Amino acid sequence: MIPLFVFGAISVWWHVLAVCIPFVFLTIILAMALQNKQNFQPKIIRVRRPINVVGFRIKTTEDKMFEDDYQLWHKFREIRDSIPNKEEEHSHVTIRCKSEEDGAFDFGIGAIVNDFSQVPEGMNTLTIDNGFYVAVHVKIPHSKLWMRNMLKAERFILEEWLPNSIYEVDPDNYVYEVEYHDKRVSKKKTRAIIFYLAVRQRADAYETKA
């Protein structure tokens with residue numbers, strides 16, 4: 001027969017665990033939230049000349065973009081080292097263009113090159129037009145958070161920063177947004193991406209109210 005004091009000890013430990021476990025989970029959730037906290041500091045960048053990109057391009061939609069990006073990345077990763085004339089060996093970019101009337105848009109991934117004189121067979125050319133872009137640094141602590149954090153950056157620019165700035169989305173720039181991936185500044189478990197959105201100064205930015 002088990003002594004009563006053993007049951008008493010078990011009961012005490014059960015109550016302790018019942019109280020502590022929720023706090024443990026809360027601490028873990030809070031730590032994850034702090035790790036994923038974004039401190040966006042937008043900066044206006046002026047691209048003075050078109051930037052040439054060689055890679056792969058497809059037409060996609062909002063519903064298919066994540067899946068298409070995943071497939072394009074694996075396709076690009078296998079061949080990127082063989083792309084000639086690269087300006088940088090340590091980076092690649094993804095480019096999303098303006099949506100068409102049916103909601104489809106061009107989406108591509110590639111390497112920045114000096115020119116289009118040596119484009120490997122089967123690959124596409126893309127161009128990042130000159131103009132103004134608002135840029136923010138985005139931390140991706142886990143690959144599963146990529147889409148959420150990039151959408152968070154885009155939403156911050158469109159809903160919080162742009163309305164309080166002298167800029168607006170540039171309707172004349174065929175490129176809508178660019179992601180610049182630099183593996184030199186990406187730690188083992190955290191990716192660092194620079195997100196660019198094409199903008200222009202609003203026509204009424206300097207008008208004074210009567």
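The values are calculated or read from the model by the stated rules, or taken from the named source; none is laboratory data. Since we're looking at a predicted model, the values are computed, not measured. Ideal geometry is used to build each Cβ from the backbone, glycine not excepted, and the neighbour counts take in all protein chains shown.
Taking every residue in region 79-105 that is farther than 20 Å from Asp129 by Cβ and pairing it with any residue that is surrounded by fewer than 14 Cβ atoms within 10 Å (Cβ to Cβ) and of a type in the set (A, V, I, L, M, F, W, C), at least 6 positions away or on another chain, yields no pair with a Cβ-Cβ distance below 7 Å. Note on region 189-210: among residues that are modelled with pLDDT under 65 and within 27 Å of Phe107 (Cα to Cα), the one that is surrounded by the fewest Cβ atoms within 10 Å (Cβ to Cβ) is Lys189. Of the strands (runs of 3 or more DSSP E) that lie entirely inside region 112-184, those containing 2 or more residues that are crowded, with 18+ Cβ neighbours inside 10 Å and not small (Gly, Ala, Ser) span 124-128, 131-140, 175-182. Under 16 Å from Tyr180 (Cβ atoms), of a type outside the set (D, E, K, R) and surrounded by fewer than 18 Cβ atoms within 10 Å (Cβ to Cβ) - does that describe any residue in region 67-79? So far as region 67-79 goes, yes, one or more of its residues are under 16 Å from Tyr180 (Cβ atoms), of a type outside the set (D, E, K, R) and surrounded by fewer than 18 Cβ atoms within 10 Å (Cβ to Cβ). Give me the residue from region 40-57 that is touching a helix residue (DSSP H, G or I) at 6+ places or on another chain (Cβ under 6 Å) and either modelled with pLDDT under 95 or outside the structural domain of Asn173 (by TED's automatic domain parsing) (or both) and, out of that set, surrounded by the fewest Cβ atoms within 10 Å (Cβ to Cβ). Of everything passing the filter in region 40-57, Phe40 is surrounded by the fewest Cβ atoms within 10 Å (Cβ to Cβ).
Of all the numbered requirements in (1) in a loop (DSSP other than H, G, I, E, B); (2) farther than 19 Å from Val178 by Cβ; (3) not polar (S, T, N, Q), Glu100 misses one, and that requirement is (2).
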